Amino acid sequence: MKKALYFVILGAALSFVACGGKKNEGDKIKGHATKDLMLTEDKTIFGLACDGCNDSVIWLLPNSGDPVKYDVIDATRNHKVIGKIKIGDWIGIVRNPEDSTVADLVIDLDQLKGSWCYIVMPQMRDYDKLSKRQQARVERDMNDSIREQYLIPREYGFTLKRQFQASSIGYVPTVSSLEDESPVVYPKMAYYFEWHILNGQLVMSRYVSDPPLEAMTKSGNENVKMPDVVHDTINVDFLSDDSLVLSSDGVTRSYYRISKASDANKLAREKAQKRAKDALKNVTAGAAPSNNTDNEEKVANIAKKAAKGHK
């Protein structure tokens, strides 16, 4: 393996001038697809974008060999050049099955990597069981204090890393008992751990159920039994420096880029920590019910009033 990697690096170095010299040899190899990481059914050709790329042609330096020119006139017209191709970027190309000099799809994988988020909001427990009229009444009866405490937006999403590793964004550490007692619930988040490209589509691997808590923390045990895995096949419809649009099974979702995954859900984490501290203070000091407890009772009463006559 080391010997093969040496020749790949050597080939990239020899082709340095052809690719514009924007990145050094070591940078070129990082994040590239290697045979042991690629899906066997994948016909995507991976490599570096070279000098001379425009709306009509793409020059690709593959993992081995000389730069290859591809016609992308139709791909550009059909919005199948995904991302803003820059010299030295790691890209993927899907060739036309009848003409190997034509690329049907081009995607900038360097631009695709990074942390992507979208906003989710909580809803009251059993909210879906209420009629539209009852739901409207619940929302109308919520005062500003309750909204500020419980209707806190969270950022869900994922980070795509080098060597096809992935991680999810959205987990907010909290005390499980407090989470169970909360009058609101958040949408179920997906726990991604790996990504691939399959014939120009994004394939995201995730667990079918929530992983054990110890597996989601830095102190997690590597021997923890993990849930079964499913693979989501997703179309990349649009990609720019700060925006991403994905679609799958007729559902389209827009994402925005964040600089660091650790920056996500700062407000939600602060609120969860404050709630945990308040609960601990009340228990240890025998204090009177806090504003949190009062609001929980108010939300419960609002739900009961709205649900009257529902059965």
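The values are calculated or read from the model by the stated rules, or taken from the named source; none is laboratory data. These numbers were taken from a predicted model, which means no experiment stands behind them. Note that each Cβ is placed from the backbone with ideal geometry, even for glycine, and that neighbours are counted across all protein chains shown. Ligands, DNA and RNA are excluded from the accessible area calculation, which covers all protein heavy atoms including side chains. Shrake-Rupley method; radii C 1.70, N 1.55, O 1.52, S 1.80 Å.
General observations
- Restricting the range 217-235 to residues that are modelled with pLDDT under 85 and of a type in the set (A, V, I, L, M), the residue that is farthest from LEU151 (Cα to Cα): VAL224
- Residue ID - nearest to PRO97 (Cα to Cα), chosen from residues in the range 42-77 that are part of a loop (DSSP other than H, G, I, E, B) and in contact with a helix residue (DSSP H, G or I) (Cβ under 8 Å, 6 or more places away or on another chain): SER56
- Members of the range 65-77 that are open to solvent by 90 Å² or more (accessible area, probe 1.4 Å) and touching a residue at least 12 places away in the same chain (Cβ under 8 Å): ASP66, LYS69
- Note on the range 191-216: residues that are over 21 Å from ARG125 (Cβ atoms), open to solvent by less than 60 Å² (accessible area, probe 1.4 Å) and either part of a loop (DSSP other than H, G, I, E, B) or at pLDDT 70 or above (or both) total 14.
- Put simply, of VAL94, VAL106 the only residue that is modelled with pLDDT of 70 or more, at negative phi and touching a Leu at 6+ places or on another chain (Cβ under 6 Å) is VAL94.
- Only residues that are farther than 17 Å from LEU112 by Cα and surrounded by 12 or more Cβ atoms within 10 Å (Cβ to Cβ) were counted in the range 230-247, giving 1.
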